[in-house]
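For reference, the structure is listed below as structure tokens.
The values are calculated or read from the model by the stated rules, or taken from the named source; none is laboratory data. This structure is a prediction, so every number in the text was calculated from the model and none was measured. Because the Cβ atoms are built from the backbone with ideal geometry, glycine has one as well, and the counts that use them run over all protein chains shown. Surface accessibility is based on the protein's heavy atoms, side chains included, excluding ligands, DNA and RNA. Shrake-Rupley method; radii C 1.70, N 1.55, O 1.52, S 1.80 Å.
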Amino acid sequence: MREILPRPITPLEEFERALFKANLSESDLELIEYIRYIGVFNQPSLVKDLRLKPKPPVLSIICECCRKIGGYMPSHFEAVRIWSKSINPFGVRWDGDLLCSSAWNVDGDPLTPEAGTSPYDTLVVHKELFQGLD
């Protein structure tokens, strides 16, 4: 059985500096800021709310943004990647875990089509990065 590691909590000031240094496009920055504001989302909701094109998939864009941000906080990003691999049932990391991860219901099931709990993968921004109440 694989050991599930505790999630590395993102240092907020370091994340903000890395976000600035990552030099994201205006649309990518809008996506990250929207996710941090809305908190819980899925791919169709982001496409609709931000009027995005369905291709490339938004989850791929999130990964690319997280890699750019992670490049400016490499130690933390590597810790997140190790944690991400530990929580995946197939041992695969998802670089978007720097910003957000799968949401789970009260029964401990992920909100995913595979789990039979949601028609889409439902994701939630990490608590320390959430800005919806500011």
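Listed values, structure above:
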quantity	calculated
Accessible area of region 68-134 belonging to carbon and sulfur atoms, whole % at 1.4 Å probe	57
Percentage relative contact order, the chain, counting C-alpha pairs under 8 Å, at least six apart	33
Highest-first arrangement of 86-92, 8-14, where packing means the average Cβ count within 10 Å	8-14, 86-92
Volume per residue that the Cα convex hull of the chain spans, once the total is divided by residue count, Å³	118
Alpha-carbon centroid distance for the pair region 1-70 / region 103-123, whole angstrom	19
Estimated 222 nm signal from helices in the chain, with DSSP H stretches of n ≥ 4 weighted -39500 (n - 2.57), rounded to 500	-13000 deg cm²/dmol
Cα-centred dipole magnitude for the chain, charges only on beta-carbon of K, R (+1) and D, E (-1), debye, nearest 20	340
Additional length obtainable on full extension of the chain from Asp107 to Leu12, 0.36 nm per residue less Cα span	31.2 nm
Per residue value of the accessible surface for region 34-134 (all protein chains in place, 1.4 Å probe), Å²	57
Relative contact order, percent, region 1-76 [alpha-carbon distance under 8 Å, six or more residues apart]	49
